[in-house]
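To keep things clear, I will list the structure first and then write my remarks on it.
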Amino acid sequence: MAAATVSILASADYFILLAFRVGGLVVSSPIFGRVNIPIVAKLGLVAALTFLLFTVFPQTAALGYSTLFGFVLICAGELLLGMAFAYVVNIFFSLTAFTAGQLIDMQIGFGIVNVFDAQNNTQVPMMGNVLNIILLLMFFVVDGPLILIDMMQLTIDRMPIGTLVFSAAIGITALELFVKSFLLGVMMALPIIASGLTLEIAFGMMMRAVPQIHMFVVGIPLKMIVGLSIFLATLPIFVSFSQRIFTELFKGAELMFANFIG
């Protein structure tokens, strides 16, 4: 332990830069950085992961800075890399689930019902919150946090600390990942959307055949019952579909890292 402490003190600037890269992911991600996790726990996780990665990837070359301002710029770059990693995780969790949830809520009549999401400090669709919890649970089932740590280790191997150069295509990549996560959300909601459209057609035919039926009185409860039934019936499909979401998440992280050159 004493030798490790001496090593950290001898490479304190390297350790700080590594902590910024890890901290960008931990603080900003929906996995490690949830608001109900105490700050002390987050800082402890950052310190533990930084120390672990420091022992695996010790400093092997001098860092490219000569002034304090240069060191601050390198810190900002390392923090941005960690936050870019967290951005990919966030959009494939929150945007995908909440987009699907909003579409499902509109189809089954829950469009005006929202719940407060403390993580994002905003109102979110009720079914979107349910899907977000399912994705979070499945992420732990497939050892997603360990995969994220492995990918952070891979970034250090490919892009050594303090040697990052940003590509101008990072904005385009972020937009492409945003669109892809939105499309995945629409795909998740397709069974409910299809059932809703089928009911609308059936209601139209019934109104033509029996004009005396009050479709607002009959239709809204029926849409809720059918929509929730379809949702429960297709829940195993949602769980299986989460595997594709995680696959796209890790591919998206690779694309994002391609815009950082070590």
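The values are calculated or read from the model by the stated rules, or taken from the named source; none is laboratory data. These numbers were taken from a predicted model, which means no experiment stands behind them. When we count neighbours, we look across all protein chains shown, and the Cβ atoms used for this are built from the backbone with ideal geometry, even at glycine. We work out accessible area using only protein heavy atoms, side chains counted, and drop any ligands, DNA or RNA first. Shrake-Rupley method; radii C 1.70, N 1.55, O 1.52, S 1.80 Å.
A few comments on the model shown:
- Screening Phe241, Phe178, Phe182, Phe166 for residues that are touching a strand residue (DSSP E or B) at 6+ places or on another chain (Cβ under 8 Å) and open to solvent by 20 Å² or more (accessible area, probe 1.4 Å) leaves exactly one candidate, Phe166.
- Only one entry in Gly196, Gly162, Gly128 is small (Gly, Ala, Ser), more than 16 Å from the chain's Cα centre (by Cα) and within 29 Å of Leu45 (Cβ to Cβ), namely Gly162.
- Condition check for Leu52: farther than 30 Å from Ser195 by Cβ, open to solvent by 20 Å² or more (accessible area, probe 1.4 Å) and either of a type in the set (Ser, Thr, Tyr) or free of Cβ contacts under 8 Å to residues at least 24 places away in the same chain (or both): yes
- Of all residues in segment 73-88, one or more are modelled with pLDDT under 85, open to solvent by less than 30 Å² (accessible area, probe 1.4 Å) and of a type in the set (Phe, Trp, Tyr).
- Total residues in segment 21-69, condition under 27 Å from the mean Cα position of the chain (by Cα) and in a helix (DSSP H, G or I): 25
- Only listed residue being within 30 Å of Gly219 (Cα to Cα), open to solvent by 50 Å² or more (accessible area, probe 1.4 Å), under 13 Å from the mean Cα position of the chain (by Cα) and among the aliphatic types (A, V, I, L, M), chosen from Ile133, Ile112: Ile133
- Annotation note: Cβ proximity below 6 Å between a residue of segment 165-185 that is more than 24 Å from Ala97 (Cβ to Cβ) and a residue that is modelled with pLDDT under 80 and open to solvent by 40 Å² or more (accessible area, probe 1.4 Å) (sequence gap 6+ or interchain) occurs for Val165/Ile261.
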